[in-house]
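Some notes on the structure that comes next.
The values are calculated or read from the model by the stated rules, or taken from the named source; none is laboratory data. What you see is a predicted model, and the numbers here were worked out from it, not measured in a lab. Positions of Cβ are backbone-derived with ideal geometry, glycine not excepted, and every protein chain shown enters the neighbour counts. Just so you know, the surface numbers come from the protein's heavy atoms only, side chains and all, with ligands and any DNA or RNA stripped out. Shrake-Rupley method; radii C 1.70, N 1.55, O 1.52, S 1.80 Å.
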Amino acid sequence: NMLTNTGQSCNSQSRMLVPRKLHDQAMEVAKATAAAIKVMQPDKADPGALGPLANANQFAKVQALIQKGIDEKATLVAGGVGRPDGFNRGYFVKPTVFANVTNDMTIAREEIFGPVLSILPYGDEEEAIAIANDTVYGLAGYVQSGNIERARKVAKRIRAGNIAINGAPASFGAPFGGYKQSGLGREWGEFGLEEFLEVKAVFGW
């Protein structure tokens, strides 16, 4: 869920790749979902409601990236710049959805860390994998498929440190960490414990 922690999660699903023939359908589902999300003050929030961003700098960054998406001609499906209705202060952001996003747009290249979803259409599986891997980041990826073998095949080819198939939850027994600019080393599991060990090599023993 790209709205977890108001989108301020390192492994947030901010890009959603969909087959081109299903793009408009996905756009309508995302629009309806965004419209149903409640934005609330944290002390009054219902479970699942959207709270504020962490600080003024992050609020300004997210607002600027939403405006950049509009300027670069992505289709604004829901949300947009400014605070949600009923909020005249605080770091609250409208749940925002862009469609017809191409992977050269800023909103597809940058880590937004806010409640912003970009929908990218693709032609075939090869193009989807190419888009998924065309990023300087590589922490997490998500694969949805009715065919588990096909999902596994795609998951193997995505250059990210963590892949969730069909919404599978993370396991603390598995290593957590990324590729490329998403970091070195791992947390959790045996690999995470090894990060705290010192290794000695003795030559000529």
Item to check | Long-range HN-HN contacts of Val18 with modeled amide H, under 5 Å | outcome: Leu120, Tyr122
Item to check | Low-density loop cleavage sites - trypsin sites (Lys or Arg not before Pro) in the range 96-205, where at most 10 other Cβ are within 10 Å (DSSP) | outcome: Lys200
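Leu22: net charge of surrounding residues, Cβ under 15 Å, Lys/Arg +1, Asp/Glu -1, itself excluded?
With Lys, Arg at +1 and Asp, Glu at -1, the neighbours total -2.
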Next on the checklist: Just to be sure I understand, if you calculate Cα Rg over 2.2 N^0.38 Å for this structure, which of (1) 1.40; (2) 1.53; (3) 1.14 do you get?
Outcome noted: (3)
Checklist outcome for this item: Rounded to one decimal in Å, the inverse mean reciprocal Cα-Cα distance for the range 97-185, i.e. its Kirkwood radius, is 14.1
Item to check | Nearby aspartates and glutamates by direct alpha-carbon distance to Lys153 (threshold 15 angstrom, same-chain neighbours under 8 apart not counted) | outcome: Asp124, Glu125, Glu126, Glu127
Checklist entry - How do Trp188, Trp205 stack up against each other in accessible area, from largest to smallest, with a 1.4 angstrom probe? => result Trp205, Trp188
Checklist entry - Mean residue ellipticity at 222 nm from the helices of the chain, using -39,500 (n - 2.57) per DSSP H segment of n ≥ 4 over the full residue count, to the nearest 500 deg cm²/dmol? => result -8500 deg cm²/dmol
Checklist entry - At a Förster radius of 41 Å, what calculated FRET efficiency corresponds to the Cβ-Cβ distance of Asn55 and Trp205, to the nearest 0.05? => result 0.15
Next on the checklist: Sorting check: for 126-136, 42-52, which peptide has the highest mean count of neighbouring beta carbons within 10 Å, and how do the rest follow?
Outcome noted: 126-136, 42-52
Item to check | Dipole of the chain, positive direction: furthest Cα of Asn133, Pro115, Ile148, with charges on the beta-carbon | outcome: Pro115
Checklist entry - What do you get for Rg/Rh over the range 40-104 if you use C-alpha atoms and the Kirkwood form of Rh? => result 1.01
Item to check | aspartates and glutamates whose Cα lies under 17 Å from that of Lys44, excluding same-chain neighbours fewer than 8 positions away | outcome: Asp85
Next on the checklist: I'd like the distance between the alpha-carbon centres of the range 42-87 and the range 123-154, rounded to an integer number of Å.
Outcome noted: 27
Checklist entry - Stretched out fully, how many nm does the piece from Ala35 to Glu194 gain, at 0.36 nm a residue minus the Cα gap? => result 52.7 nm
Checklist entry - How long, wide and thick is the range 1-117, going by the Cα atoms along their three principal axes, in whole angstroms, largest first? => result 42, 26, 26
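Percent of accessible area on the range 38-136 owned by carbon and sulfur, 1.4 Å probe?
Solvent-exposed carbon and sulfur of the range 38-136 make up 50 percent of the total.
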